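Read the structure below first, then the notes.
Just so it is clear, none of the values below were taken in a lab; they were calculated from the coordinates. Everything numeric here is computed off the predicted structure, so don't read it as measured data. Every residue, glycine as well, gets a Cβ built from its backbone with ideal geometry; the counts of neighbours run over all protein chains shown.
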Amino acid sequence: MGDIALNDEQLESLLDIAAAAGREILTVYNQSEAIEVEKKADDSPITLADRNAHKLIEARLQEWTPEIPVFSEESDTIEPSVRKSWDKYWLVDPLDGTKEFVKRNGEFTVNIALIENGVATAGVVHVPVSGITYLGRVGLAAYKIEKARCTKISVSNLDQNAAVRIVASRSHKGESLEKLIRHIEHKLGEVEVVSMGSSLKMCLIAEGKADIYPRLAPTSEWDTAAAHAVVSAAGGRIVDTGFKDLRYNQKELLLNPNFIALGDSAYPWQSLLSASLPD
């Protein structure tokens, strides 16, 4: 993807690294035999593609920015006391959506984010199968790259009379999300529910194809950071259920609270949603 000029060295480097990791993943994905899956200590799945993408990303980031630590889902254990000392680091999910990868449905991504003082300030989300990439840097812009075309993207302004477009998990919504959707329908009328896998759900907010993505179930910080940076660069926000901005590396366990990705920040989301959100 080196022929695409973003006029930003940081984003161009992230684009090249994510695309290279995507090629590593496709080498395994396109094999004719079934994909071999192992279990990690936490019982989550891991494949050769996860490992190969991790090694490539870690090596490339360390070569490019040796002064910035790299923390990946597949990294060796790093003590919380060490992590807490970092004011800047790379947060990586080398293959987000391993279950989708094993199913070969195409909805998995390479996620790389730069975290500065708890804030996701730059990120890339690359889809190896389609070649589509989302990337952004806060204070600059957000972009979607598809078929060698680079387009600036932004969240949609929500028309008071338009149906709210809600992003939901393809596999299951859960009781809390079903309740929230019913609440919005009661307040605003019929809503449109858009289904999508992996971190692409947040990217739909960034490119203006959806208005809200409530995630009322556990996620890890590496699942969200890259897409969070893209959403922020596109003019959106990601907040917890108390409507405080989602932050990173704030606690020992790298789990996000329940959160909501929002497109139009000027829309009165808090007054609409607060009564129906779980604690």
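Some points to look at:
- Degrees separating the helix 48-64 axis from the principal Cα axis of the chain, which is the longest one: 80 degrees
- Rounded is the label for the chain, because a/c, from the alpha-carbon gyration tensor with a ≥ b ≥ c as root eigenvalues, stays below 1.5.
- When the C-alpha to C-alpha distance is required to be over 32 Å, the pairs from LYS88/LYS152; LYS40/LYS187; LYS103/LYS244; LYS103/LYS147; LYS84/LYS147 that qualify are LYS40/LYS187; LYS103/LYS244; LYS84/LYS147.
- DSSP bridge pairs, the stretch 165-276: antiparallel proportion in percent, nearest 5: 65 percent
- Rounded to 10°, Cα long-axis angle of helix 221-233 versus longest principal axis of the chain: 70 degrees
- Expected 222 nm ellipticity per residue - DSSP helices of 4 or more, -39500 (n - 2.57), all of the chain, to 500: -9500 deg cm²/dmol
- On Cα atoms only, tilt of 9-29 relative to the major axis of the chain in degrees: 80 degrees
- Prolate/oblate/rounded call for the stretch 9-153, Cα gyration tensor, a/c under 1.5 rounded: oblate
- As a proxy for reagent exposure, ranking THR98, THR77 by other Cβ atoms within 10 Å from fewest up yields THR77, THR98.
- Among VAL239, VAL125, VAL230: highest mean-square fluctuation, GNM of the chain, C-alpha pairs under 10 Å: VAL239
- Each of ILE260, ILE205 was scored by other Cβ atoms within 10 Å of its Cβ. Arranged with the fewest first, they read ILE260, ILE205.
- Order of ARG149, ARG247, ARG137 - criterion: other Cβ atoms within 10 Å of each residue's Cβ, fewest first: ARG149, ARG247, ARG137
- Of GLN250, GLN62, GLN31, the residue with the greatest mean-square motion in the GNM of the chain, using alpha carbon springs below 10 Å, is GLN31.
- The antiparallel fraction among DSSP beta bridges confined to the chain stands at about 80%.
- Within a Gaussian network of the chain (alpha carbon springs, distance under 10 Å), most fluctuating of ILE212, ILE78, ILE35: ILE78
- Overall shape: rounded for the stretch 165-276, with the ratio a/c of the largest to smallest alpha carbon gyration tensor axis below 1.5.
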